[in-house]
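These notes are about the structure you will find just below.
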Amino acid sequence: MRSSGSSWLAGPALNARAYLGQTPLQSAVDCLSGEHRHGSADAAGTLRAVRVLLEHKPDVDARDGDGQTALALSENSRLRGLLSQHGARHGARRGM
């Protein structure tokens, strides 16, 4: 049985790679950008998920399979500010 905490976010799972080589943070940021683009009501919940992930100190400058970071995937200035506050520095695609 899993405890009520969020300790499952620690360690390798926090920076694991999934679809398109994205980390959980990149996937959440990419999803949030799409939700804002399409006016989804789920955007607030996804933003909370991004905050929870950031609390556990993931590699905010990790690059996905296309060479993009979470900052590069973000289309929202508030989200870009939040990522920057947590140390994100690389917002452009590799090679640009």
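The values are calculated or read from the model by the stated rules, or taken from the named source; none is laboratory data. All values reported here derive from a predicted model rather than from experimental measurement. For neighbour counting, all protein chains shown are included, and Cβ atoms are generated from backbone atoms with ideal geometry for every residue, glycine included.
If you filter the stretch 55-80 down to residues that are more than 18 Å from residue 20 (Cα to Cα) and loosely packed, with under 12 Cβ neighbours inside 10 Å, you find that the one that is modelled with the highest pLDDT is 55.
Filtering 85, 26, 22 for residues that are loosely packed, with under 13 Cβ neighbours inside 10 Å and at pLDDT 85 or above leaves a single hit, 85.
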